[in-house]
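Below: one structure, written as structure tokens.
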Amino acid sequence: MLDFFTGVLSSSYYTGLFLNMFVLMSFSAIGNCISLKSGFYNLGGEGQIYLSGFVAAICLVKFSFLPPVLNVTISLLISVLSSCTLELISALINDFKKVDVLLTTYLLSSASIFILDYLVGNVFRTKEGNLLATDFIDESVRLKSILPPSPLNVLIFAVPVLCVVFWFLQNKTMWGKRSAVWGISNEFAIYSGFSYRKNIYSLMAVDGVLHGFTGFAAVIGTYFTCHQSFSSGMGWNALTCALLAGKNPLLVIPSGLFLSWLYTSSSRYSLIHNFGFDMAGIIQGLVIFFVAANMTFAEGGIKKTFCKIKIFVKKIFARKEVE
């Protein structure tokens, strides 16, 4: 059983895999923290990540004649713009038809995944090998591993920077404070004269950009191609991370490390010990259950929960002593 807790540190590959999952989860989780704070639930993370990864893979190959820095810059802008556009469509529908973004983001994501699966597996499928994937990007635009043979790369240093930047935007700027007011009370925000359109379009754009950056980072630093359904689970993991962090970008770091360790450990343990069931899925379900029970890293949620358990146990022993 000890192997489950320490297994991710048993080799540089599993340690790097654990940290790389944390990196990819964190980018999208920060975006979810921003949108959740204002009361918008983006359930389309997987489609947005998939779309940006697909666009990134195509652009990086098509623009390979350009200098690597220029190629990466242009491809990054196009890929995050594609993801941002997909999320802004939900904002547009909400603005004019009053349909909740929780529904539209999920439906648009589900539809885009089917379309992208077809494009990756047929129209843009690589002619080399039997992979259901696009052509591999050139070596010159790939991020090198800093912990071989794992896919961990320099983007891990961007996570704390982005967490601090978006925490500042969320808590120290007028834009962030107005967004928080919308999340607390729509009526109060309306009577205060805050613009609903500015709020929803700006929030969904920021969230879309961060989900788009996740897809781009996955292609340029982890997979080096866009294979079919590579984003499966990534959007939901990021949403779980944001909820566990209590919508606080700074707490994305501990919650992301915790979830990444859980998923990597469970997958490794299932593989090594030949479990016939999806242990990672079961653990993810338990994590979501605890999130729903308000066991979060924010505001001492976990500490409060354990204190309640401790008091409950003491009451049971006290009753037995009386009897």
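Anything in segment 237-261 that is of a type in the set (Gly, Ala, Ser) and more than 23 Å from residue 15 (Cβ to Cβ)? List them, or say none.
Answer for segment 237-261, where residues must be of a type in the set (Gly, Ala, Ser) and more than 23 Å from residue 15 (Cβ to Cβ): 242, 246.
With respect to the numbered conditions (1) farther than 30 Å from residue 127 by Cα; (2) buried (at least 22 other Cβ atoms within 10 Å of the Cβ); (3) small (Gly, Ala, Ser), which one is the sole condition not fulfilled by residue 205?
Of everything listed in (1) farther than 30 Å from residue 127 by Cα; (2) buried (at least 22 other Cβ atoms within 10 Å of the Cβ); (3) small (Gly, Ala, Ser), residue 205 misses just condition (2).
Looking at segment 159-174 only, could you name the residues that are exposed (fewer than 15 other Cβ atoms within 10 Å of the Cβ) and assigned to a helix (DSSP H, G or I)?
Across segment 159-174, the qualifying residues are 160, 161, 164, 165, 168, 171, 172, 174.
Does any residue of segment 108-129 turn out to be touching a residue at least 12 places away in the same chain (Cβ under 8 Å), under 14 Å from residue 222 (Cα atoms), among the small types (Gly, Ala, Ser) and surrounded by 14 or more Cβ atoms within 10 Å (Cβ to Cβ)?
Among the residues of segment 108-129, not one is touching a residue at least 12 places away in the same chain (Cβ under 8 Å), under 14 Å from residue 222 (Cα atoms), among the small types (Gly, Ala, Ser) and surrounded by 14 or more Cβ atoms within 10 Å (Cβ to Cβ), which makes the answer no.
Could you check residue 100 against (1) under 18 Å from residue 136 (Cα atoms); (2) out of contact with any Phe, Trp or Tyr (no Cβ under 6 Å at 6 or more places or on another chain) and say which number it fails?
Every listed condition holds for residue 100 apart from (1).
Determine which member of the set 39, 31, 47, 7 is on the phi > 0 side of the Ramachandran plot and touching a residue at least 40 places away in the same chain (Cβ under 8 Å).
39
Identify the residue in segment 1-38 that is among the aliphatic types (A, V, I, L, M) and either under 13 Å from residue 240 (Cα atoms) or more than 20 Å from the chain's Cα centre (by Cα) (or both) and, among all such residues, is modelled with the lowest pLDDT.
My answer is 1.
Limited to segment 1-43, what total is found for residues that are within 16 Å of residue 170 (Cβ to Cβ) and assigned to a loop (DSSP other than H, G, I, E, B)?
Residues that pass the stated criteria total 4.
Taking residue 41 as the residue in question, decide whether it is at pLDDT below 95, under 30 Å from residue 179 (Cβ atoms) and either surrounded by fewer than 24 Cβ atoms within 10 Å (Cβ to Cβ) or touching an Asp or Glu at 6+ places or on another chain (Cβ under 9 Å) (or both).
Against the criterion (at pLDDT below 95, under 30 Å from residue 179 (Cβ atoms) and either surrounded by fewer than 24 Cβ atoms within 10 Å (Cβ to Cβ) or touching an Asp or Glu at 6+ places or on another chain (Cβ under 9 Å) (or both)), residue 41 qualifies.
Just to be sure I understand the filter: pairs with C-beta atoms under 7 Å, separated by 6 or more residues or on different chains, first member in segment 185-204 and among the aromatic types (Phe, Trp, Tyr), second member modelled with pLDDT of 90 or more. Which pairs pass?
Taking only residues 6 or more apart or on different chains, the pairs are 188/181; 194/178; 194/181; 194/182; 201/88; 201/91.
Checking residue 29 against (1) surrounded by fewer than 24 Cβ atoms within 10 Å (Cβ to Cβ); (2) among the hydrophobic types (A, V, I, L, M, F, W, C); (3) within 22 Å of residue 154 (Cα to Cα), which test does it fail?
(1)
Could you say which residue among 251, 257, 243 is modelled with pLDDT of 90 or more, buried (at least 20 other Cβ atoms within 10 Å of the Cβ) and either of a type outside the set (D, E, K, R) or in a helix (DSSP H, G or I) (or both)?
251
The values are calculated or read from the model by the stated rules, or taken from the named source; none is laboratory data. Being a predicted model, the structure only gives us computed values, none of them experimental. All Cβ positions, even for glycine, are placed from backbone atoms using ideal geometry, and neighbour counts span all protein chains on display.
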